[in-house]
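Reading through the structure tokens given below for one structure.
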Amino acid sequence: MIRRLDLDALQQQLANTPLIDWASDLPNQIGRKLAKGHGDLQRWMAAVDALPALSADKIELGEAFALDAPTTAEQQTALLGALKGLIPWRKGPFDLFGVHVDSEWRSDWKWERVAPHLDLRGKHILDVGCGNGYYLWRMLGAGAGSAVGIDPNWLFLCQFLAAKHYLPDLPAWHLPLALEELPGKLEGFDTVFSMGVLYHRRSPIDHLLELKDCLINGGELVLETLVVEGDAQQALVPEDRYAMMRNVWFLPSVPALALWLRRAGFVDIRCVDVSRTSVEEQRATEWMKFQSLPDFLDPADHSRTLEGLPAPTRAVLIARKP
């Protein structure tokens, strides 16, 4: 597994950056995590191992994630079976040699809302809570110099490795780590993304401070999270569940979120998008058959959750570390 993570290439990529000491210790750190493992990891890795050997003639990462090349019926069958061995797919979609992985989330829609406000060319990027790494590939498509994602979910890592299997030379890495497992004061990334993470944190300002510690001076934070309407003192704290999720703690208004960012020391804060999450953007599919957003909303009023709270609305704010 360590070999598959391609840490030697990551160390070479970061050799002349402030991140080299951290990268040098990654094999030991991840080795310790692998020793604990996960009960399904062997099964998921077997699915990755079952991917057929294919070489992409066409690679599209700018407008979508799409790989293409001539394939045989046998290769198609093997590819479909291997990818279905990694169900459920939450983020995507992925088009791999004629197989369309229709994920729960239309993550491409979110990316289309975020990307026009960013200049990622040549930048070293960290994506915190990266899921299966869908956005890492789109970041490279936008010209990023390198894209490193962290997420402790082993299935998401294996889904990333399925894509990496066909793009082995591209500078994208997925590390099975949580943000709190990174050293303090890394101060090495040009851009840090935190999308869909803040509302899961019991201490949101601590999360913002941890994100800031990952940035170089002058670096940029891209923050996407659930929000509610209101002034700078407005935040929703669910009594129990929110849209059937127990681990949702704070939903601030956009002005409150901007205030939190200022308290954390960020400057040049701007909100670039506010969008209600629709049942077309998040839903169950053949590739994710469990309950999804349509099951979490009031069937008579999609502006409310089953708990009677405002339905999911997400905002994207961009801020700079001075």
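If the cut-off is a Cα-Cα distance under 24 Å, which lysines reach LYS164, setting aside same-chain residues fewer than 8 apart in sequence? The reachable lysines, counting only those whose Cα sits under 24 Å from LYS164, are LYS33, LYS36, LYS58, LYS84, LYS91, LYS110, LYS123. Its DSSP H runs of at least 4 residues, each contributing -39,500 (n - 2.57), put the calculated 222 nm mean residue ellipticity of the chain at -8500 deg cm²/dmol, to the nearest 500. Mean separation of Cα pairs under 8 Å and 6 or more residues apart, divided by the residue count, gives the chain a relative contact order of 15 percent.
As a length-normalised measure over Cα pairs under 8 Å and 6 or more apart, the relative contact order of the stretch 1-126 settles at 15 percent.
Label-to-label distance for SER278 and VAL99 is 2.9 nm, based on points extended 7 Å past Cα in the beta-carbon direction. Only Cα pairs under 8 Å and 6+ residues apart enter the sum, and on that basis the relative contact order of the stretch 222-322 stands at 37 percent.
Can you pull the percent of the stretch 173-261's accessible area that's carbon plus sulfur, 1.4 Å probe, other chains left in place?
Details: 1710 of 3520 Å².
Carbon plus sulfur share of accessible area: 49 percent.
Accessible area per residue for the stretch 94-221 is 30 Å², calculated with a 1.4 Å probe on protein heavy atoms, without ligands, DNA or RNA.
Counting only heavy atoms of the protein chains and using a 1.4 Å probe, ASP169 has close to 140 Å² of accessible surface.
The values are calculated or read from the model by the stated rules, or taken from the named source; none is laboratory data. For clarity, every value in this text was computed on a predicted model and none was experimentally measured. No Cβ is skipped: glycine too gets one built from the backbone with ideal geometry, and neighbour counts run over all protein chains shown. The protein model used for the area step is the full one, side chains on, heavy atoms only, and it has no ligands, DNA or RNA in it. Shrake-Rupley method; radii C 1.70, N 1.55, O 1.52, S 1.80 Å.
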